[in-house]
Amino acid sequence: MRERLSFKLNHLGNEARYDLSGSILDLRSAKTPLRFSFIYPAVGKSGCVVKLFKVLQTNMCENNCRYCAIRKDRNIPRLYFKPKELASIFMEYYRRGEVQGLFLSSAVFKSPDRSQEMIIETLRILRREFNYRGYIHAKILPGVSYELIEETAKWADRLSINLEAPSGDYLIRLSEDKNWYELYKRLKLVSEVTRKFNLRAGAITQLVVGPANENDRDILRLTEHLYRGLKLSRVYYSGFTPIIDTPLENVPPTSWWREVRLYQADMLVKKYGFRHDELPFDKNGNLPYGVDPKLGWALKHPELFPVEINRAPYEMLIRVPGIGRVGARRILEYRKVHRFRYPEELRTLGINAKRALNFITIDGKAYFTPRLIAYSL
């Protein structure tokens, strides 16, 4: 019996890895290797690593998405957990301190509503029968009825539904079973429901990057809307990796650098006030791999630099390469009692002076480094 449970857990945990709960940059900073199993190191808002029990309720799927490891026509072991069974297994690991939260997803088995009801029942058992009060991230499945979205929210701390692509024209290249506009309507409702129930971790979505030949401009146009219009907590970008025995098995994998640049640009849109159309796209609408987007933007706008470190407002300071939001706040605090006169003062505040000095003056004096990056967009 235990051997059978272990087999299911390893398979359904491994297949849950395609739903992201951390960015490529989060995982690098976590100093914990990504394990392709049911224990997953996610990075919280404070930067601490949280070990999630990450699993599918079932991999029996009615959909045939062209990129997906559990698509209907792929020959793999088909498994499922009964709600009580899965809740009990999770609590074993939780009580031993091996995991600190749950990320529960599922394939669409029989119908979206039936599968969502299995997720809800698992969460209900955890909350009511086992009195579990910890973190739960629950997936909302494509095509699920609206009332079940609200019911799922009663038991979870975070909800997510994957848009997969930046528009319907792109999604049709990945899946004929999903309708992008229906996904978007449910994502909008997910966002509204998370605010209604004041879910502490909010709502998120995920895009598959690469196989639909979408460009970064289209992705980040959508990202800007999702943050400012729908008030999502996070958007995740899943770089495509081909999977054997799928229609896209011969499509090249997405570059690691493309993921990195998307997450860097995402941060600029979400936290630094950049509009997507300010970002330094190339002629094909993609972010160049050779320079991070903030530096690329600054190099594209020499008319705005240098700025005087003793006078520049916060909104301009955070656009200076080498100065982040924390550094900008430290500069403002320092200026209340001191006047900057030397580069060393920036270094004591944790500023990347080597980069920032190319874009600022200090008390009217320029300190350009001997070798300024030459970059042409």
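The values are calculated or read from the model by the stated rules, or taken from the named source; none is laboratory data. Since we're looking at a predicted model, the values are computed, not measured. Note: ideal-geometry Cβ built from the backbone for every residue, glycine included; neighbour counts use all protein chains shown.
At a glance:
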quantity: From the options 143, 97, 168, 134, residue that is in the same structural domain as residue 63 (by TED's automatic domain parsing), at positive phi and touching a residue at least 12 places away in the same chain (Cβ under 8 Å); calculated: 143
quantity: Flag for residue 275 being crowded, with 18+ Cβ neighbours inside 10 Å and within 30 Å of residue 316 (Cβ to Cβ); calculated: no
quantity: Given (1) part of a loop (DSSP other than H, G, I, E, B); (2) surrounded by fewer than 21 Cβ atoms within 10 Å (Cβ to Cβ), index of the condition residue 182 fails; calculated: (1)
quantity: Pick from the range 280-301, criterion in contact with a helix residue (DSSP H, G or I) (Cβ under 7 Å, 6 or more places away or on another chain) and in a loop (DSSP other than H, G, I, E, B), ranking: nearest to residue 366 (Cα to Cα); calculated: 292
quantity: All strands (runs of 3 or more DSSP E) inside the range 1-116 with 3 or more residues being modelled with pLDDT under 95; calculated: 39-43, 49-56
quantity: Failed condition for residue 176, given (1) buried (at least 17 other Cβ atoms within 10 Å of the Cβ); (2) charged (D, E, K, R); (3) in contact (Cβ under 8 Å) with a residue 60 or more places away in the chain; calculated: (1)
quantity: Those residues of the range 302-339 which are surrounded by fewer than 13 Cβ atoms within 10 Å (Cβ to Cβ) and assigned to a loop (DSSP other than H, G, I, E, B), in sequence order; calculated: 311, 313, 336, 337, 338, 339
quantity: Qualifying residue in the range 234-246 (condition: of a type in the set (Phe, Trp, Tyr), closer than 24 Å to residue 137 by Cα and in contact with a Pro (Cβ under 9 Å, 6 or more places away or on another chain)); calculated: yes
